[in-house]
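Shown next, in structure tokens, is the structure this report addresses.
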Amino acid sequence: MLKLALRNLFRNPGRTLMTLASIVFGVVSLILSGGFVQDVYEQLAEALIHSQSGHIQVSRAGFHARGTRNPENFLIEDPEGIRRTIRQQPGVAGVMARISFSGLLSNGRTDWPIVGEGVEPEKEAALGSQLRITSGEQLAADQPNQILVGDGVARTLGLHTGDQVTVLLSTAEGALNSIDLRVVGTFQSFSSDFDARAVRIPLVAAQESLGTRGANSLVVALQQTDQTNEALRGLRQRIDTRIFEVLAWPELNPFYEGVVAVYERQFGVLQVIILLLVLISVANSVNMSAFERVGEFGTMMALGDRGGALFRLLVVENVLLGSGGALVGVVLAVLLALAISAIGIPMPPPPDANVGYTAHIRIVPRVLVEACLVGFSATVVAALLPAWRIARIPVAEALRQNQ
């Protein structure tokens, strides 16, 4: 039966090639679109990790839910002790302390409400590969009177590198304090909303101005992003979670989960559409081929073949078609993905973002398998109804087609 199915496929090479082209097109479309979506996920994740949140953050319980307005109530009094504990976890590349504050930034003419962070400049520079310095330079560890401002803040106040500004803030005891700083640069992160309010100053200057030696969070940078879940479990075992919260980057960036949910739904709809297109195209081709051969099937039944044998023959033919088309589609899609990724796809900034990026097509094993199964399944399913009809045609009616 396998030999006969192969001969039948090559009997009409034009129609066979058209059917194969439909299957290959569907498989290639699914793989390329799935690889593009996966690249969006990964680039967005890395942008969020390396511009804002890090892989994991350790802070006092409730800080991320309630501490933005009064961060002084959620201080880690002994950040160095927690830092030493975190460093014991395998896969940790760096640990940096941050202290948060809010206040007013003044250029001498206008005040602007800001959300600030005191950071460790050298460690943050290593983590912040996606935090783009648009003018000036990074903060220096040995210059506590420096400030780095978001692009939106700089535009609003008309600030340039070298300008003197004053930050007015509240200390941990509730007293007002001011600090004079020099603008050393401006930055762009992934989020334009963040850049419109954010400033950064050296951790030492922030702690001195706030009257504390504590920190609000310890940001953990891992060697690889795929180590996040393992490191998260390990840190939650090492650190008392009744006092501290240990959160991974997806929990710190709920925006990311929303983007993934939207793209997953869109990709699911695309899969259904391509499945239907392949199904209709292959069903049409199989119908034409099967009913052109009714007389041939009548002869086979007259010679002793039963309807079940004809049903199996047509199904085997489409199994071969589906397998061949799916495999060719996978190979072609991988080659196209490599070629497109070598060139790159320039993309505009996403919503609520400042910076565009270059997209690629990721080769994802799960997507390869799913696309292959969609192409194969659609081809086989498309053959079932025509094969069932052929198997039920009376011998005499089928033989009349030979006249």
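The values are calculated or read from the model by the stated rules, or taken from the named source; none is laboratory data. Please read all numbers here as calculations on a predicted model, not as lab measurements. No Cβ is skipped: glycine too gets one built from the backbone with ideal geometry, and neighbour counts run over all protein chains shown. Areas reflect the complete protein model, heavy atoms only, side chains present, ligands, DNA and RNA absent. Shrake-Rupley method; radii C 1.70, N 1.55, O 1.52, S 1.80 Å.
Here the sum of -39500 (n - 2.57) over DSSP H runs of 4 or more residues, divided by the residues of the chain, equals -17500 deg cm²/dmol at 222 nm, to the nearest 500.
Put the Cα centre of the stretch 333-350 next to the Cα centre of the stretch 205-242 and the gap is 36 Å. Take the Cα of Glu251, step 7 Å along the line toward its Cβ, and report every residue of the stretch 212-236 whose backbone nitrogen sits under 12 Å from that point. Output list for this probe position: 229, 232-236. Between Asn284 and Leu336, the simple label model (points 7 Å from Cα in the Cβ direction) yields a spacing of 2.0 nm. Element breakdown for the chain at a 1.4 angstrom probe: carbon and sulfur atoms account for 58% of the accessible area. Label zone of Ala21 (point 7 Å out along Cα→Cβ, amide N under 17 Å): in the stretch 252-287 this covers 277-286. Taking a sphere under 13 Å around the Cβ of Thr225 and counting the other residues whose Cβ falls inside, with K and R at +1 and D and E at -1, yields a net charge of -4. Annotation for Arg87 and Ser377: the two label points, set 7 Å from Cα along the Cα-Cβ direction, are 5.2 nm apart. Among the DSSP helices (H) of the chain, those spanning at least 18 angstrom by Cα along their long axis with an average Kyte-Doolittle hydropathy of 0.0 or more are 13-48, 254-292, 307-343, 365-391; this is a geometric and hydropathy rule only. Each Lys and Arg Cβ is given +1 and each Asp and Glu Cβ -1; about its Cα centre, the chain then shows a dipole of about 1880 debye.
Among the listed values (1) -0.39, -1.04, -1.16; (2) -0.37, -0.95, -1.07; (3) -0.51, -0.93, -1.03, the one matching log10 I(q)/I(0) by the Debye sum over Cα atoms at q = 0.07, 0.12, 0.13 Å⁻¹ as calculated from this structure is (3). Accessible surface area normalised per residue over the chain is 49 Å², counting heavy atoms of protein chains with a 1.4 Å rolling probe.
Once you order the gyration tensor axes a ≥ b ≥ c over the Cα atoms, which shape class does the stretch 27-170 get: rounded for a/c under 1.5, otherwise prolate or oblate by comparing a/b with b/c? Note, shape of the stretch 27-170 comes out oblate.
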